[in-house]
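J.: Handing you a structure now.
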Amino acid sequence: MVSTKVKFIAITIDELVLVPIVIAIVYFFIPELLVPLSILLIVGAAIFVVIKYYLVYPSLEESSYYLYDLDGAIGKVTQTVTAQSGKVKVGQEIWDARCDEGQISIGTEVRITARESMRVKVVPRDEYS
């Protein structure tokens with residue numbers, strides 16, 4: 001797995017590369033503004049990185065997103081669920097689903113017991129304990 005710091009650097013480096021490019025352009029076309037614009041660009045880039053760090057860094061961590069912590073959520077079967085396949089609607093999303101025993105017919109309310117990648121494991125709502 002790639003560390004969170006490496007991810008942050010990777011998504012920030014392109015903005016920081018613009019600073020020396022703009023400084024070079026200013027040097028060639030408006031040399032009298034080189035010092036004040038360089039200071040402004042460097043300070044602005046530093047402020048930008050700090051703000052971006054606090055806004056973006058937490059979303060780069062490997063923790064589970066709360067929207068996809070589906071254990072215990074209630075859904076409705078939209079395509080018959082078997083041990084191999086099926087579909088359930090949870091909120092506004094339709095998920096691939098499977099069950100351990102038998103099959104669950106369309107329209108049945110189910111409770112999610114686990115999420116495995118992009119597939120959920122379900123049981124009929126009244127069987128859940």
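J.: Any number yet on Rg/Rh for the stretch 4-60, C-alpha, Kirkwood? Walk me through the numbers on the way to the answer.
T.: Details: Rg = 13.6 Å, Rh = 12.3 Å.
Here Rg/Rh amounts to 1.10.
J.: How far is helix 4-29 tilted off the main Cα axis of the chain, in degrees rounded to 10, range 0 to 90?
T.: The two axes meet at around 30 degrees.
J.: Excluding same-chain residues fewer than 8 positions from LYS76, which aspartates and glutamates have a Cα within less than 14 Å of its Cα?
T.: By straight Cα distance, LYS76 reaches GLU93, ASP96, GLU109, ASP126.
J.: Under 27 Å between alpha carbons, and skipping anything fewer than 8 positions from LYS5 in its own chain: which lysines qualify?
T.: By straight Cα distance, LYS5 reaches LYS52.
J.: Computed FRET efficiency, Cβ-Cβ of THR113 and VAL43, R0 41 Å: what is it to the nearest 0.05? Before the final figure, lay out each step's value.
T.: Details: r = 53 Å, r/R0 = 1.29.
Once rounded, the FRET efficiency stands at 0.20.
J.: Something else: On the Cα set of the chain, report Rg and Dmax in Å, please.
T.: When restricted to Cα atoms, the chain yields Rg and Dmax of 25.5, 79 Å.
J.: Which aspartates and glutamates have a Cα lying under 12 Å from the Cα of LYS7, excluding residues fewer than 8 positions away in the same chain?
T.: Hits, sequence-local ones excluded: GLU61, GLU62.
J.: Please determine, in degrees from 0 to 90 and to the nearest 10, the orientation of helix 34-60 with respect to the longest principal axis defined by the Cα atoms of the chain, where the helix direction is its Cα long axis.
T.: The helix 34-60 is inclined about 10 degrees to the chain.
J.: Tell me what the chain gives for mean residue ellipticity at 222 nm when only DSSP H runs of n ≥ 4 count, each as -39,500 (n - 2.57), the sum divided by the residue total, rounded to 500 deg cm²/dmol.
T.: Values: 2 runs with 53 residues, N = 129.
After summing the helix terms and dividing by residue count, I get -14500 deg cm²/dmol.
J.: Right, another one. Short version: what are the Cα gyration tensor semi-axes of the stretch 67-127, square root of 5 times each eigenvalue, largest first, in whole Å?
T.: On the way: eigenvalues 43, 27, 24 Å².
Taking √(5λ) for each eigenvalue gives 15, 12, 11 Å, largest first.
Computed from the coordinates by the stated procedures, all read-outs in this text should not be read as laboratory data. From a predicted model like this one, the values you see are computed outputs, not experimental measurements. In this analysis, Cβ positions are derived from the backbone assuming ideal geometry, glycine residues included, and neighbour counts consider all displayed protein chains.
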